[in-house]
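Just so it is clear, none of the values below were taken in a lab; they were calculated from the coordinates. Quantities reported herein were computed from a predicted structural model and do not represent experimental measurements. Here the Cβ is made from the backbone with ideal geometry for all residues, glycine too, and neighbour counts use every protein chain on show.
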């Protein structure tokens, strides 16, 4: 399945962004000081501690779990900078989530403990706004620290909400502890917010050739979706290849699929979305398609072994197919294997930055998923202050995205990466800006605030022109090499 969404496409498929949970990026442990300071300021205004729950290891005295909820009341002006605090600290965590008011999406944080697993409701009403940042605990890196704030308007110049501080076992650590068999291959799946899938099927074969010839009806197992989760496990005596397909509501099979290496003793974690998926980048690098050990063939690795994907597989600036920019898997693997440990750490840092930035952009891009559609509704209603804030946040996030892309460009140049890396990344960035540009143009006659609409469109137009010019130069340079 091809990753069509820009937020999840990084430097060709080898850089597909890993799930924010449970695949935790190897970030330097940092404390989100801006978030902590801002939340403490709100606490001091008018607040009451509603819930405190802690558990310590009796032998070491270290905290194994803690949960604290603080209820507060304040004025809207006291919360104006809260979003900025979370954005300023986004590089200190591995997951940032922002949900705007009037979105129907509720949110609960899953809490992992060696004796218990439960979910703590954070956002329970559509009228609430929420910010959440997850980081590694600075004292015990096996713990996840979650900082969250949620609030809603309760009257004129009044807001009310809750602040959450939650520390618990990191999801990836918890799940790794449950994997005991060295011969078991597992799929741990989650269904994204933008899908209502209820059933998947699994195929398995000894080789890439057999997988290509496998019949639609020859699946080996069903994976029903329960509470947005699905799973599969099988005992293997050797590595094999497999495939995941969606069963549509009418009983037919989706025309797109996901190819995987089935490796004994490993778990592949995946989150499905509408038209793309969040893959397990760590898995793919260690034992999967980019490890040099994959049993998948070239087309299966690229995800273009079905007809629709084959027709869209060529990544070029024009609409014409051009074999020039197809980089072989060997080139990609050879380049990655040539990186030293410091360079690989730098690459992981860049991936973490673009993942966090992408998560934030999803909730602030017009027309992007459910949250973006809610912003579009506010845009149409003409609420000047709401839209001014939304546009400011969007521009800030895009400026950050542009800096990350520039850092990627420099990294690729320094490490002599295949030219396709830089071209692909900048092309996907252009596609995303073009998508927002079209959504804004479409909203010209329906929005209620011409000033903010024009400011947003002017910014996006500049980005489209910049990346168009940049791509033309990159393509020309690549053809000369």
For q = 0.19, 0.20 Å⁻¹, Debye-computed log10 I/I(0) when each Cα of region 59-106 counts as one equal scatterer
-1.00, -1.06
Overall form of region 120-237 per C-alpha gyration tensor (a/c, 1.5; a/b vs b/c):
oblate
Taking 8 Å as the Cα distance limit and 6 or more residues as the minimum spacing, I'd like the relative contact order of region 33-169 as a percentage.
26
Pseudo-spin-label distance residue 142 to residue 221, built 7 Å along Cα→Cβ, given in nm, is 2.8
Expressed in nanometres to one decimal, the distance between label points 7 Å along Cα→Cβ at residue 255 and residue 183 is 4.2
Quick one: 252, 233, 103, fewest Cβ neighbours within 10 Å first, how do they rank?
252, 233, 103
Sort 273, 118 so the one with the fewest other Cβ atoms within 10 Å of its own Cβ comes first.
118, 273
Using a simple spin-label model with points 7 Å from Cα along the Cα→Cβ vector, what separation in nm is obtained for residue 438 and residue 106?
3.5
State the extension gain, in nm to one decimal, for the chain segment bounded by residue 340 and residue 480, taking 0.36 nm per residue of separation less the distance between their alpha-carbons.
47.5 nm
Quote to one decimal, in nm, the extra length available between residue 410 and residue 469 on full extension: 0.36 nm per residue of separation minus the C-alpha distance between them.
19.5 nm
For a footprinting-style exposure proxy, rank 165, 45, 277 by other Cβ within 10 Å, fewest first.
45, 165, 277
Taking only the alpha carbons of region 33-169, the radius of gyration and the largest Cα-Cα distance, Dmax, both in angstrom, are 15.0, 52
